[in-house]
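The values are calculated or read from the model by the stated rules, or taken from the named source; none is laboratory data. All values derive from a computational prediction rather than experimental measurement. With ideal geometry, Cβ positions are generated from the backbone for all residues, glycine too; neighbour counts draw on all protein chains shown.
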Amino acid sequence: MRVALQNMTTKETHEKLDEFLAPTKIAIVATINKEGMPHLTPNWYIYHKGKISISTTKERVKYKNLTHDNRMSICVLTEPLAKSYATIEGTVQIHDDDSIWETTEMIVKRYVEPEHVQPRMRELQKQNRVILELNPDKVFFR
């Protein structure tokens, strides 16, 4: 059963997202290219303060797509059979100042063993990184 939760201001929606997105999963991110075709990529993420943040570089296709059209959808599913999932749609704000590193580290800590976090961060800080912050407008659960 697919349930649409249209209003992201509801406490219930935020609580459901908090619960579903808390375990470490991969988000499938969809952006739209100049020709109108969807572009899909797997990504690490963090759901924090009602927003979904993804770290990427300015050289990635998703970044370039979002500079032309700031709409994005993500789908996060349970492994291995996708018996439940959340699809989140909204618009993205791109951050490219020094504030990105705190969020980037929060993301890395979700996916990397503690002893590998700082070495990974040192590598990422050499890259032309940004944070894509998705402001959810619509959420669908199954």
Residue list for region 85-105, restricted to those being over 27 Å from LYS34 (Cα atoms), surrounded by 15 or more Cβ atoms within 10 Å (Cβ to Cβ) and not hydroxyl-bearing (Ser, Thr, Tyr): TRP101, GLU105
Filter region 26-53 for residues that are assigned to a loop (DSSP other than H, G, I, E, B) and surrounded by 18 or more Cβ atoms within 10 Å (Cβ to Cβ); which is farthest from the chain's Cα centre (by Cα)? TRP44
On the basis of being crowded, with 16+ Cβ neighbours inside 10 Å and either touching a residue at least 40 places away in the same chain (Cβ under 8 Å) or under 20 Å from GLU105 (Cα atoms) (or both), does ASN70 make the cut? no
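Residues are listed down the side, and each one gets a yes or a no for (1) touching a Lys or Arg at 6+ places or on another chain (Cβ under 8 Å); (2) modelled with pLDDT of 95 or more; (3) part of a helix (DSSP H, G or I); (4) within 29 Å of LYS11 (Cα to Cα):
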| residue | (1), (2), (3), (4) |
| --- | --- |
| PRO23 | no, no, no, yes |
| THR56 | yes, yes, no, no |
| ILE107 | no, yes, yes, yes |
| GLN127 | no, yes, no, no |
Give region 74-84 a look and list any residue that's surrounded by fewer than 20 Cβ atoms within 10 Å (Cβ to Cβ) and either assigned to a loop (DSSP other than H, G, I, E, B) or at pLDDT 95 or above (or both), or say none. CYS75, THR78, GLU79, PRO80, LEU81, ALA82, LYS83, SER84
